[in-house]
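Step one of this worksheet: look at the structure below.
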Amino acid sequence: MQAIVLVGGEGTRLRPLTYGTPKPMVPILGVPFLARTVERLYKAGIRDVIFPAGYLPQPILDYFGDGSRFDMRFTYVIEESPLGTAGALKNVERYITGAFFVLNGDILTSLDLRAMLAAHQARGGIGTLHLIHVADPSAFGCVAHDANGRIEAFIEKPAPGTAPTDEINAGTYLLEPEVLAAIPAGRPVSIERETFPALISGERPLYAFTTSDYWLDLGRPEAYLAAHRDILAGTMPLVLEPGISGAGSAALRGHPGVAQPVHADEGVVVAPTARIGPNVVLGAGTHVGERALIRDSVLWDGVIVGDDVRIEESIVASRTRIGARATVGSGSVIGHDVVIESGRTLEPGARVGAQTAMR
Ligand code: GTP
């Protein structure tokens, strides 16, 4: 069994994090997000993975290599210009030998790929799409199907209150090679907007596989923070010590200013009067100064937080320095290697960092 993992998107909604780090390499508790996806594929018995890439591919290649470190085989196909979610599949057609999984590279889910494969084989459609129920489908691609699971319609981002179903496309597909024949070559094609809607009028059905798994699209900063909150709370099943976790957890154990759950990687140093948590992740080598307050935030590796700094509901990328008495307002996203001057106040929702993509 093969899998194609789409990793070529620019991740515009996660900027400025994605100016220096491609979205699949954005860390979840210190480990690139894509490594979690690769682990899930391995557990499902999949060893052959193809990565259609394009935007900032080098960090992905450097980390994952040919796959031998993971006891797997990885093939990369770099797009000169973005081909879209279906164009990217067409572009790797020569490597495909049978039915294959397609995974969006930015989905955190507990979906059981083996169960999905069994459902696909039992029904024999041209493809099977993972769907999940959401409370508000208006921001997603809704998928309507009949009682047998045969997909009848795709409704992209319906106006609030008008969606015919609360089931949405969850970004994992199992497709027969014939699907590739239906994708035009040499131009950008969207699988959600073009390929799937065209396939439902064909003879072989496209089936829904609806589950109630944990599911989160990590593409937005709020979702990225929510993912960490869920992992720390144990809602998203990932093996973790409850309360205080991580290789640097010794810096937080017994600390009077810690509110659980919190996570610290190696080499974290926290001043005795700092207050950390709840829902805080401190990346490797992060230093936190006296009386600093950090809650509901994720700091990547090597971040330096000065005395009396306040950080709430924000993301701070690698090696950034936040000067004494600075305030980082809720919903801020600070890129890597940024210096925030002492005493500065970042308004809620601030975006600070390099302003150019390094393609
Ligand atoms: P935004 O710019 O924030 O929308 O993020 P994105 O560029 O990653 O787009 P989106 O979240 O819609 O993409 C879903 C998945 O498809 C992600 O895993 C992307 O990496 C991937 N993807 C999107 N467009 C392309 C493309 O043109 N080529 C390849 N190879 N992958 C893509």
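The values are calculated or read from the model by the stated rules, or taken from the named source; none is laboratory data. Note that the coordinates shown come from a computational prediction; the quantities given were computed from them, not determined experimentally. Neighbour counts are summed over all protein chains in view; Cβ atoms, including those assigned to glycine, are modelled from backbone coordinates with ideal geometry. Only protein heavy atoms, including side chains, enter the accessible area calculation; ligands, DNA and RNA are left aside. Shrake-Rupley method; radii C 1.70, N 1.55, O 1.52, S 1.80 Å.
Taking 0.36 nm per intervening residue step and subtracting the Cα-Cα distance, what contour gain separates Gln260 from Val31 on full extension?
On the way: separation 229, 0.36 × 229 = 82.44 nm, distance 2.08 nm.
My answer for the length gained is 80.4 nm.
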Label-point separation, Lys157 to Ala135 (7 Å along Cα→Cβ), nm: 2.1 nm
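At a 1.4 Å probe, what is the % contribution of carbon and sulfur to the accessible area of the chain?
Carbon plus sulfur share of accessible area: 52 percent.
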Work out how much length Arg150 to Gln121 would gain on full extension: take 0.36 nm times their residue separation and subtract the Cα-Cα distance, in nm to one decimal. 9.0 nm
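With a cap of 16 neighbouring Cβ atoms within 10 Å, and only residues DSSP puts in a loop, list the GluC sites (Glu not before Pro) found in segment 298-359.
Details: sites: Glu312, Glu313, Glu341; in loops: Glu313, Glu341.
Here the sparse-neighbourhood loop sites are Glu341.
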Counting only heavy atoms of protein chains, what accessible area per residue, in Å², does the chain have with a probe of 1.4 Å? 41 Å²
For segment 309-349 and segment 60-138, write down the distance between their C-alpha centroids in whole Å. 36 Å
Quotient of Cα Rg and 2.2 N^0.38 Å for the chain, N being how many residues it contains: 1.04
Only loop residues by DSSP count here, and only those with at most 16 other Cβ atoms within 10 Å; note down the GluC sites (Glu not before Pro) in segment 152-232 that meet that. Glu203
Antiparallel content of DSSP bridges confined to the chain, in %, to 5: 30 percent
Over segment 247-356, what lengths in whole Å, largest first, do the semi-axes of the equivalent ellipsoid take, defined as the square roots of 5 times the eigenvalues of the alpha-carbon gyration tensor? 21, 14, 12
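With runs of 4+ DSSP H residues as the only contributors, calculate the mean residue ellipticity of the chain at 222 nm using -39,500 (n - 2.57) per run, divided by the residue total and rounded to the nearest 500.
-4500 deg cm²/dmol, from helical runs alone.
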